[in-house]
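Everything below concerns the one structure shown next.
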């Protein structure tokens, strides 16, 4: 008894390796494409939320507070975050009141 072969025909192993390389290349290109669009998507999201906040959609003001507090797609800016949270709080969005909170040290 010999060792069982994974592939019975010589070209099957080559085809399997070729398919695996193709799948890996597709995954890498998809990941790179997603990263390339993230800054643009973040900028568009901030622009959309800012417009909505100015129109009186105060949930968007609260969302902008979170974006600026955590630096998601923008520079981290606690003063700006606090201003957006305060605007939302003044409009009755109670979850935004008192944010951002400083961590206990």
Checklist outcome for this item: In Å, the C-alpha Rg and Dmax of segment 37-94 are 10.8, 35
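Most exposed first by the Cβ proxy, i.e. fewest other Cβ within 10 Å, how do 67, 19 rank? Mind dumping the intermediate values first?
Working: 67 22, 19 10.
Least to most surrounded, the residues fall as 19, 67.
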Checklist outcome for this item: Between the modelled labels at residue 75 and residue 16 (7 Å from Cα along Cα→Cβ) the distance in nm is 5.4
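Just so you know, all these numbers are worked out from the coordinates, no wet-lab data involved. Remember, it's a predicted structure, so these values are computed and weren't measured experimentally. Counting neighbours? That spans all protein chains shown, and the Cβs are built from the backbone with ideal geometry, glycine included.
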